[in-house]
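I have placed the structure first, in the form of structure tokens, so that the comments after it can refer back to it.
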Amino acid sequence: MGTISSALDRPVRTAAVIGTEDEAIQVARTVAGLFDLSGPAASGTAEARLDLLSRSGLFGISVPTEQGGIDVSNTVLVAVCAEAASHSAALGEILAAHFTALEHIRSFGTEGQRNTIFAAARSGARLARAVGRRNGADLEALPLAIVGLAHRLSGEALSTPCTRHADWMLIPVLGDTGKTAGLLLPTRIDGLRYAANSCEPAPGGVQPAEPVLFKDVLIDGDVLLHAAGETPQPPVPHALDLLLEASRHLGAGRRALRQVLDGATEPLPVGLLAARLAAAEAMAEEAGRAIDAAQIGLAGQHRTNAFLAATAALTVAQEAASAIRQVGSVGMEKAEQTLSAPSRAALEHSGRLLIEMHRHAPEAET
């Protein structure tokens, strides 16, 4: 099991080449507008939007330089996923799953596996992720069955949005050694069935996980990604997974803050909510730098620092987004009474500035 099966029934794509980190963020902003069904730029079917996403070049921005990519920093990945999630929860999940799966390839793949997947990503191929399920509960890994000289996979899983339109799916499996490994499967093979009939975004900004069924799927020829060895420190892909989940909460918080600003009259709560979101964004950037260090550092402490920073960023981003959504659902509330007088004055002033900026966007000025 050392080679990767090609994604079946996929035409050869030509993806744009993104050359800088600033360009990556700008492309993400443009693509996000196409996925925002409430915005003026949205058009076409979900399949058409996904094809434009593949051709945009975003799927290749985290490919290492030695494989022909520009290997953007993890703070840029945060910015890209947050921008996407601020317009479309589904797009945020699609990009976060792809970038995390590529990090699994970087961390655990062989040289041949990395060359194959990274080249495909630069050409617009997409990786999705899935987690096994049994009796309504998540599984750490789906067990592989040995049948003759081959392995087969059966069971059910929940996948990231629009997995049936991706090229490969990464799912944790339990091999015959008793250890968990990552399995990369083409998304169109015999025995694999998708229960969702459409990948159109769900109303309300929350995209449910999509059920996937495996029935006696032949694994021979597909790749298993093994960790190099047991270490006490959490692996880098785990930290990146947490960080990009934080980025999706940041995006959701930005989207909710725009909705609050639409009807805002009291500046103090607006300033407080924006400050919480800014603090979460700063922590996410710091966690991104910690993961950058862990990707090149040899010491186990780098991986520990990355995990701790990503966990903190996720917690603060969740709390900030939740606070904004709560205010948006129940109306503007009194600010916390524990704020000092200087803090209250600053937040009132910042709130007034934010409301004014929101109501008079730069493009609307004469």
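The values are calculated or read from the model by the stated rules, or taken from the named source; none is laboratory data. All values reported here derive from a predicted model rather than from experimental measurement. Ideal geometry is used to build each Cβ from the backbone, glycine not excepted, and the neighbour counts take in all protein chains shown. Just so you know, the surface numbers come from the protein's heavy atoms only, side chains and all, with ligands and any DNA or RNA stripped out. Shrake-Rupley method; radii C 1.70, N 1.55, O 1.52, S 1.80 Å.
General remarks:
- Cysteines, the chain, no other Cys beta-carbon under 4.7 Å: Cys81
- Radius 13 Å from Cβ of Asp22, net charge of other residues (Lys, Arg +1; Asp, Glu -1): -2
- Here the average projected area of the convex hull drawn through the C-alpha atoms of the chain stands at 20.4 nm².
- For Val236, neighbours were defined as the other residues whose beta-carbon sits under 13 Å from its Cβ, and their charges (Lys and Arg +1, Asp and Glu -1) total -1.
- Computed lengthening from Ala137 to Arg258, 0.36 nm per intervening residue step minus Cα-Cα distance: 40.0 nm
- Accessible surface, 1.4 Å probe, highest first, among residues Glu93, Glu140: Glu140, Glu93
- Within the chain, longest stretch clear of exposed trypsin sites (Lys or Arg not before Pro) (DSSP loop, no more than 13 other Cβ within 10 Å): 1-178
- Share of carbon and sulfur in the accessible area of region 227-303 stands at 55%, probe radius 1.4 Å.
- If you take all other residues with their beta carbon under 15 Å from the beta carbon of Ala306, and give Lys and Arg +1 and Asp and Glu -1, the sum is -3.
- Dmax and Rg, reported as Rg then Dmax, of region 117-205 (C-alpha, Å): 14.3, 48
- Global geometry of region 94-151, whether rounded, prolate or oblate, following the gyration tensor of its Cα atoms and the 1.5 cut on a/c: oblate
- Its residues counted as N, region 1-135 yields a C-alpha radius of gyration over 2.2 N^0.38 Å of 1.05.
- Rolling a 1.4 Å probe over the heavy atoms of the protein chains gives region 120-182 an accessible area of 43 Å² per residue.
- Kirkwood-Stokes translational diffusion coefficient of region 67-183, alpha-carbon pairs, 20 °C, 1.002 mPa s, µm²/s: 137 µm²/s
- Thr265-Asp22 FRET efficiency (beta carbon distance; Förster radius 41 Å; 0.05 resolution): 0.65
- Cα-centred dipole magnitude for the chain, charges only on beta-carbon of K, R (+1) and D, E (-1), debye, nearest 20: 400 debye
- Across q = 0.16, 0.17 Å⁻¹, region 250-361 modelled as identical point scatterers on its alpha-carbon atoms has Debye log10 I(q)/I(0) values of -0.74, -0.80, in the order of the q list.
- Overall size of region 56-118 from C-alpha positions, given as principal axis extents largest first: 36, 20, 18 Å.
- Counting only heavy atoms of the protein chains and using a 1.4 Å probe, Ser54 has close to 10 Å² of accessible surface.
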